[in-house]
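The values are calculated or read from the model by the stated rules, or taken from the named source; none is laboratory data. Just so we're clear, the structure is a prediction, and the values are computed from it rather than from any experiment. So basically every Cβ, Gly included, is an ideal-geometry build from the backbone, and we count neighbours across all protein chains shown.
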Amino acid sequence: MTVKTDEFFRKADQLIAAGRFIDSKGWVPATSGNFSAKLSDGNIAITVSGRHKGRLQADDIMLIDSKGNSLDGKKPSAETLLHTSLYQRFPDVQAVLHPHSINATLTARLFKHEIVLKDYELLKAFAGINTHETRISIPIFGNDQDIPRLADKVENYLDRHDHAVYGYIIAGHGFYTWGASVDDALRHLEALEFLFDVEIRLHGVTRL
Ligand SMILES: CSC[C@@H](O)[C@@H](O)C(=O)COP(=O)(O)O
Ligand SMILES: [Zn+2]
């Protein structure tokens, strides 16, 4: 059994705090969502499957290797592959957060394939953006209980788009976002939530 390092416990604390905040906003109801953070040795701290993500305790964060294999006998998130494939593709990504929010769900009903966010000051919350005069696109994928197949769809999209991608929505499910630290990913999550909310109000739930 792999020994858990101080770094593991530090990152686990960050994920627990992030979960408390995300849940305080109502974005991870009823055990939904999952969170992870990469460690310097390439292993990953990730939420144990089925736990309430707003009420995480230290033993609700477990250790997996870069391929998603459990290193401590616990059962990782059912959506672990969506995390590990992002770490594999983007070496700078250090944290991945997955909420199930009402706004992500409504956005997918309104926009079908992608949502374009442009001319918002809050776009500057995304790493590398320093003006509102820009646009980002958040793709929307159909939900799928077959996680390897869903991960393939995400991979395929990322293969075809070389601009910065800050997240993606899974229709009727939630969204994924990531960053160079747990704080970075949390900032992206909060910004996306705000921008989804604005777009929903703008385009009107009456079209649903
Ligand atoms: C409560 S249903 C949500 C799950 O099916 C899943 O989508 C999810 O986000 C949480 O799964 P988990 O295995 O706890 O990481
Ligand atoms: Zn989910």
Legend entry - Which numbered condition His203 fails, given (1) at pLDDT 95 or above; (2) surrounded by 12 or more Cβ atoms within 10 Å (Cβ to Cβ): (1)
Legend entry - Test for Leu86: is it within 14 Å of the chain's Cα centre (by Cα), part of a helix (DSSP H, G or I) and within 11 Å of ligand 1 (Cβ to nearest atom): no
Legend entry - Residues of segment 168-196 classified as closer than 18 Å to Gly19 by Cα and either part of a strand (DSSP E or B) or more than 16 Å from ligand 2 (Cβ to nearest atom) (or both), total: 17
Legend entry - Residue in segment 152-177 that is surrounded by the most Cβ atoms within 10 Å (Cβ to Cβ), counting only those that are small (Gly, Ala, Ser) and under 14 Å from Phe90 (Cβ atoms): Gly167
Inset, instruction - State all residues of segment 171-188 that are within 16 Å of ligand 1 (Cβ to nearest atom) and touching a helix residue (DSSP H, G or I) at 6+ places or on another chain (Cβ under 7 Å); if no residue qualifies, say none. - result: Ala171, Gly172, Gly174, Phe175, Tyr176, Thr177, Trp178
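Rundown of residues vs (1) at pLDDT 95 or above; (2) within 15 Å of ligand 1 (Cβ to nearest atom), yes/no style:
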{"residue": "Ala104", "(1), (2)": "yes, yes"}
{"residue": "Ala108", "(1), (2)": "yes, yes"}
{"residue": "Asp119", "(1), (2)": "yes, no"}
{"residue": "Lys124", "(1), (2)": "yes, no"}
{"residue": "His132", "(1), (2)": "yes, no"}
{"residue": "Pro139", "(1), (2)": "yes, no"}
{"residue": "Asp144", "(1), (2)": "yes, yes"}
{"residue": "Ala164", "(1), (2)": "no, no"}
Inset, instruction - Report yes if some residue within segment 50-59 is assigned to a loop (DSSP other than H, G, I, E, B), farther than 22 Å from His173 by Cβ, more than 16 Å from ligand 2 (Cβ to nearest atom) and at pLDDT 95 or above; otherwise report no. - result: yes
Inset, instruction - Select from segment 1-47 the residues that are among the aromatic types (Phe, Trp, Tyr) and not in a strand (DSSP E or B) and write down the one among them that is nearest to ligand 1 (Cβ to nearest atom). - result: Trp27
Inset, instruction - Mind counting the residues in segment 182-195 that are touching a strand residue (DSSP E or B) at 6+ places or on another chain (Cβ under 6 Å) and small (Gly, Ala, Ser)? - result: 1
Inset, instruction - Would you be able to say whether some residue in segment 48-66 is crowded, with 23+ Cβ neighbours inside 10 Å, touching a residue at least 12 places away in the same chain (Cβ under 8 Å) and near ligand 1 (Cβ under 9 Å from one of its atoms)? - result: yes
Inset, instruction - Spot the failing condition for Ile22; the list is (1) without any contact (Cβ under 8 Å) to a residue 60 or more places away in the chain; (2) out of contact with any Phe, Trp or Tyr (no Cβ under 7 Å at 6 or more places or on another chain); (3) within 16 Å of ligand 2 (Cβ to nearest atom), and only one is missed. - result: (1)
